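Asker: Encoded as structure tokens, here's the structure I'll be asking about.
The values are calculated or read from the model by the stated rules, or taken from the named source; none is laboratory data. Everything numeric in this text was worked out from a predicted model, so none of it was measured. FYI the Cβ positions are ideal-geometry reconstructions off the backbone, even for glycines, and counts take in every protein chain you see.
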């Protein structure tokens, strides 16, 4: 049934007497284009002039006949292809249906005895038929496109919606508007929600999402959980980056004339989907022994939830559910992260490794682990700040007591964030632990080497990460550095002061004369002490190159001149070179060389000479 | 005979043996000496038993038309939440003994049961969502037949009847479909989606893919079974032995009580609300010495009886409103089918009457479904919270 471009030829203004030019009923099918417009005009008039008391329903009857045949024509067409063949035709169909809706509303206002009964009835039947047709086609379009897309070679970048053609969407839009106008909003929304939910479910399945029961999750091994977590995060990202926004767009496109309906439908869909996704993290927060390195997975989950929560999905009831459920899980995951991180403190405190000190005073594995852990953790600094801030708020703590070894001058400390304070606490514990471990060394020298090694390592690691450095504060680093210097001095004194005494110029003379006995004694002592140091301390380890050279340099700078001057001054007092050679084991150059062997971590057999 | 009348006993010491050791009479003799718990501890434990009993007496004393109604179910969950809260307080007040064996094992057992209940909560929420979908269909019927608030006194035309009938048929199918497992339904939905070509199939297709995609396995895995889960919750739920009670200073009792309450409440929820693989054959064995045992057993019996009634045998859920919804919609459907146009006054009156009945059910559901869902969520969250808290303090 087509329409001509200019079908008007009679009663153009529509304001004539009664407005109905009754054509011969037999000629209904002839000149359909004129007739169509005329009927519409009559109907419009009828609607307008409705309250004038006298209503002639004949034009309605004519209209209804026309409607009936139009509907029949569309019904005959194949499903999923009912609309879209002729845009104008479709547009006119929807217009007609809309008019029908209006007529019915008007007619229903009439008292039941106005003789409109049969008219109403007929109109109502036609109306319902039209709605059936529309709904069925709506469903087919929504559903069919889903299936068709599997293996669809059409490039997705062309289309705004990968699964629907712009045509389909336009048609669905029309149908939706018509149905809603007709008072069939419920049917329309039920169909839409149901089919979209089905589509979203299929989407999730494609991403290998499967429901995991809380019960089952609790029993899974960490290895399996890790895989699921990875998958979950991937899916979450897909949701927040793509799925939700394209779904919203679809809602807005199909229900473009009804933004509040679009909003509500999207909100419900998003919430339904989210509830399903939140089950997994809820299962993860149930108590389990999570070792410290699991922290990062939880922070990843937290961040995914944060992104989800930040999506503005709306204001209605289901949106509130969405926000509250997501926030709750997010909070719990945050708490889990806090407790995992806090385990670090426990593991540091309880680490005493069977009271056996690390060989050679090297950097302790705990130091390495802790510092690397903190460094990695600070890559999640913002998230951790947030998590600890939240934790603090929940525990209603005021600003934590500032750790004692900070001066009041460091303002940053007093305003330190909860996470920064936590960090400082960890550092303090580590320090205390290192201090305790250093006491296991019987040799004081080794003790200081150990303290220097570990202290140095810590300092280096801090400097490598601006985040940690900033959180701990500048004065913290300065304090550390000066402490290292102190240990250095202590080491020097402890190890080398005795040696220096053997090559002191004082006390060599007796009664103004150089005593050969004393000299011999001195050299013997020097050699013994030096050999001992060499033997022992070459096996010690200073892994930090700079520290190592600093140590050697400071030793050399003291020892070599002292030895050189001693030897230079007193070697002539020996009887001959043979005797001298017996007591003067080392030349100054030798000393220099040998000092270079210190702290190499060599085994004794590797010590030269 | 060890009495159960210690609600209001005046001398805690002499009743000590009875309040904490609901043993057989011969066993009472060998345990006459006081347990040795602190007086406040005893009072606390006794009060707990009493509170639980009171609540369930309340729930059990309703007439049969109130049993398993939405308000009743809500009351049931409320009762559960209260019991749980009190239980939590008891554990908190007895933090130290709770860490010691055998109490730690008993608590761990309870916690496992509670975790299993989490999945039940999720499944129940899916069921509530299903009911909501049915509710939407009913609203269409009401809208079509003038049962909604903005209906004029118009006469009902054929079109409206057709609309109502379509919705009623959809509703009937939807309610029937839930008896299949969610899996079968899902498969059927998918397969029907593919075969849609000619319009002759479209009606079928239309019915099958009726937006019931929020199926009963939306939140739980496809193989999950409510029946199995209930059995797991009730697994090894045994009355504490005398030595256990002694060793735990009486604390074993509230643990057992809470476990029993959990089992019953979950069971009742599964009985009432549609969920995946809804089986009610769980072994209940609560010794009558406990003051709460009688009401719970009575409720259990009554609910079981209801489930066996002829017209409720195949119900997808025993919720009273589901029954009413099904009945009203069926009657209305039959009426609508039998109607000839134009309607005579008598028929029209009949229709309006049925519509009103349906409206009443619908209104009742509208009011209570949302809060019910919230409550179920609350149960979920409380259980999680208690578990995560537990770790901190234990």
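Asker: So in the stretch A:251-269, with the set limited to residues that are farther than 22 Å from residue A:323 by Cβ and in a helix (DSSP H, G or I), which one is nearest to the chain's Cα centre (by Cα)?
Answerer: Restricting to residues being farther than 22 Å from residue A:323 by Cβ and in a helix (DSSP H, G or I), the top hit is A:253.
Asker: Please go through the stretch A:56-73 and pick out each residue that is surrounded by fewer than 17 Cβ atoms within 10 Å (Cβ to Cβ) and within 14 Å of chain B (Cβ to nearest Cβ).
Answerer: A:68, A:72, A:73
Asker: Being within 53 Å of the chain's Cα centre (by Cα), in the same structural domain as residue A:37 (by the TED database) and within 19 Å of residue A:43 (Cβ to Cβ), is that true of even one residue in the stretch A:120-127?
Answerer: Yes, there is a match, as at least one residue in the stretch A:120-127 is within 53 Å of the chain's Cα centre (by Cα), in the same structural domain as residue A:37 (by the TED database) and within 19 Å of residue A:43 (Cβ to Cβ).
Asker: For the stretch A:347-368, name all the residues that are touching a residue at least 60 places away in the same chain (Cβ under 8 Å) and within 20 Å of residue A:384 (Cβ to Cβ).
Answerer: The one that is touching a residue at least 60 places away in the same chain (Cβ under 8 Å) and within 20 Å of residue A:384 (Cβ to Cβ): A:348.
Asker: Here's something else I'd like to know. Tally up the residues in the stretch A:487-521 that are surrounded by 13 or more Cβ atoms within 10 Å (Cβ to Cβ) and either farther than 24 Å from residue A:585 by Cα or touching a strand residue (DSSP E or B) at 6+ places or on another chain (Cβ under 9 Å) (or both), please.
Answerer: Residues meeting the conditions: 7.
Asker: Identify all residues within the stretch B:92-142 that are without any contact (Cβ under 8 Å) to a residue 60 or more places away in the chain, facing chain A (nearest Cβ under 10 Å) and either surrounded by fewer than 21 Cβ atoms within 10 Å (Cβ to Cβ) or within 25 Å of residue B:229 (Cβ to Cβ) (or both); write none if there are none.
Answerer: Selection gives B:112, B:136.
Asker: Using the structure shown, decide if residue B:377 is within 22 Å of residue B:73 (Cβ to Cβ), at the interface with another protein chain (Cβ under 10 Å from one of its Cβ atoms) and not in a loop (DSSP other than H, G, I, E, B).
Answerer: Here the answer is yes, as residue B:377 does meet what is asked.
Asker: Which residue, of A:228, A:210, A:203, A:223, is within 9 Å of another protein chain (Cβ to nearest Cβ), over 30 Å from residue A:106 (Cα atoms) and surrounded by fewer than 21 Cβ atoms within 10 Å (Cβ to Cβ)?
Answerer: A:210
Asker: Would you kindly identify the helices (runs of 4 or more DSSP H) lying entirely within the stretch A:451-542 that contain at least 3 residues that are within 30 Å of residue A:380 (Cα to Cα)?
Answerer: Ranges flagged: A:466-472, A:474-502.
Asker: Here's a follow-up. What's the number of the condition residue B:384 fails, among (1) under 26 Å from the mean Cα position of the chain (by Cα); (2) within 14 Å of chain A (Cβ to nearest Cβ); (3) surrounded by fewer than 16 Cβ atoms within 10 Å (Cβ to Cβ)?
Answerer: (3)
Asker: I would also like to ask the following. Got a sec? Which helices (runs of 4 or more DSSP H) wholly within the stretch A:74-183 have at least 1 residues that are facing chain B (nearest Cβ under 9 Å), touching a helix residue (DSSP H, G or I) at 6+ places or on another chain (Cβ under 8 Å) and at pLDDT 75 or above?
Answerer: Filter on the stretch A:74-183 gives A:87-109, A:117-148.
Asker: Quick test for you: out of A:317, A:344, pick the one residue that is under 26 Å from residue A:391 (Cβ atoms) and over 22 Å from the mean Cα position of the chain (by Cα).
Answerer: A:344
Asker: Related question: Here are some conditions: (1) closer than 30 Å to residue A:431 by Cβ; (2) over 55 Å from the mean Cα position of the chain (by Cα). Residue A:505 meets all but one. Which one does it not meet?
Answerer: For residue A:505, the exception is condition (1).
Asker: Only one of these conditions is not met by residue A:550: (1) part of a helix (DSSP H, G or I); (2) in contact (Cβ under 8 Å) with a residue 40 or more places away in the chain; (3) more than 25 Å from residue A:364 (Cα to Cα). Which number is it?
Answerer: Tallying (1) part of a helix (DSSP H, G or I); (2) in contact (Cβ under 8 Å) with a residue 40 or more places away in the chain; (3) more than 25 Å from residue A:364 (Cα to Cα), residue A:550 fails exactly one: (3).
Yes or no, residue by residue, for (1) under 22 Å from residue A:507 (Cβ atoms); (2) in contact (Cβ under 8 Å) with a residue 12 or more places away in the chain; (3) touching a strand residue (DSSP E or B) at 6+ places or on another chain (Cβ under 8 Å):
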| site | (1), (2), (3) |
| --- | --- |
| A:542 | no, yes, no |
| A:562 | yes, yes, no |
| A:567 | yes, yes, no |
| A:571 | yes, yes, no |
| A:574 | yes, yes, no |
| A:592 | no, yes, no |
| A:598 | no, yes, no |
| A:601 | no, yes, yes |
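Asker: Still on this model: Please go through the stretch B:147-184 and give me each residue that is at pLDDT below 85, within 11 Å of chain A (Cβ to nearest Cβ) and crowded, with 20+ Cβ neighbours inside 10 Å, ordered by number.
Answerer: Of everything in the stretch B:147-184, those that are at pLDDT below 85, within 11 Å of chain A (Cβ to nearest Cβ) and crowded, with 20+ Cβ neighbours inside 10 Å turn out to be B:156, B:157, B:182.
Asker: Tell me, yes or no, whether the stretch B:338-346 has at least one residue that is more than 14 Å from chain A (Cβ to nearest Cβ), surrounded by 18 or more Cβ atoms within 10 Å (Cβ to Cβ) and in contact (Cβ under 8 Å) with a residue 60 or more places away in the chain.
Answerer: Checking the stretch B:338-346: not a single residue is more than 14 Å from chain A (Cβ to nearest Cβ), surrounded by 18 or more Cβ atoms within 10 Å (Cβ to Cβ) and in contact (Cβ under 8 Å) with a residue 60 or more places away in the chain.
Asker: Among the residues of the stretch A:190-245, which ones are touching a helix residue (DSSP H, G or I) at 6+ places or on another chain (Cβ under 7 Å), over 17 Å from residue A:279 (Cα atoms) and free of Cβ contacts under 8 Å to residues at least 24 places away in the same chain?
Answerer: Within the stretch A:190-245, just A:190 meets the criteria.
Asker: As an exercise: evaluate residue A:470 against (1) touching a helix residue (DSSP H, G or I) at 6+ places or on another chain (Cβ under 7 Å); (2) modelled with pLDDT under 90 and give the number of the one condition it does not meet.
Answerer: (1)
Asker: Residue check: is residue A:549 under 49 Å from the mean Cα position of the chain (by Cα) and surrounded by fewer than 15 Cβ atoms within 10 Å (Cβ to Cβ)?
Answerer: So residue A:549 fits the description; yes.
Asker: Ok, one more. Residues that are in contact with a helix residue (DSSP H, G or I) (Cβ under 8 Å, 6 or more places away or on another chain) and under 23 Å from residue B:374 (Cβ atoms): does the stretch B:43-56 have at least one?
Answerer: Scanning the stretch B:43-56, I find at least one residue that is in contact with a helix residue (DSSP H, G or I) (Cβ under 8 Å, 6 or more places away or on another chain) and under 23 Å from residue B:374 (Cβ atoms), so the answer is yes.
Asker: I've got another one for you. Which of the residues that make up the stretch B:295-322 are within 30 Å of residue B:260 (Cβ to Cβ), without any contact (Cβ under 8 Å) to a residue 12 or more places away in the chain and assigned to a helix (DSSP H, G or I)?
Answerer: Passing the criteria: B:301, B:305, B:308, B:312.
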